[in-house]
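Only one structure is covered here, and it is reproduced in the block below.
What follows draws every value from the coordinates through simple rules; no lab data is involved. Keep in mind that what you see is a predicted model, and the values were worked out from it rather than measured. Cβ: placed from backbone, ideal geometry, glycine included. Neighbour counts: every protein chain shown.
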Amino acid sequence: MTLNAVLKGIDHIQIAAPPGSEEKARIFYGNLLGMIEIEKPENLKSRGGCWFQCGAQEVHIGIQPEFLPAQKAHPGFTVENLSALKSLLQDADYLISEEPPIAGRDRFFTHDPFGNRIEFLEYD
């Protein structure tokens, strides 16, 4: 079997969150991280959650009734001025965890308000 389609990139990622958590998502992803909230399509609004623009991609915060935070799986966001973001998150009482370095990039991990693991990276 031959694949006749060409994958061109990632359109969005979805991060699960518990019911009623939209305002916390707006504070963390919008206010703190500076992502711009974008309007969800009308036919999806009843599901709850909220969407954000992150560069050319989107971050969808989806409501999951039986929510459990992702402990290993995670998005990796590229950042300009990683140390400033790290300080901002620490000042907002988010715990930072250091991981072994990867050649050509600095990085750290934290968790969003729902306990999902999040990685931030800056390339040399």
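Can you give me the relative contact order of the chain as a percent, contacts being Cα pairs under 8 Å and 6 or more apart?
Details: 195 pairs, mean separation 30.5, N = 124.
Reported relative contact order: 25 percent.
What percent antiparallel are the DSSP beta bridges of the chain, to the nearest 5?
Of all bridge pairs located within the chain, approximately 65 percent are antiparallel.
Give, as a single signed number, the net charge of other residues whose beta carbon lies under 14 Å from the beta carbon of N31, with Lys and Arg counted +1 and Asp and Glu -1.
Spelling it out: positives minus negatives among the neighbours equals -3.
How many lysine pairs in the stretch 12-123, separated by 8 or more positions in sequence or lying on different chains, have Cα atoms less than 22 Å apart?
5
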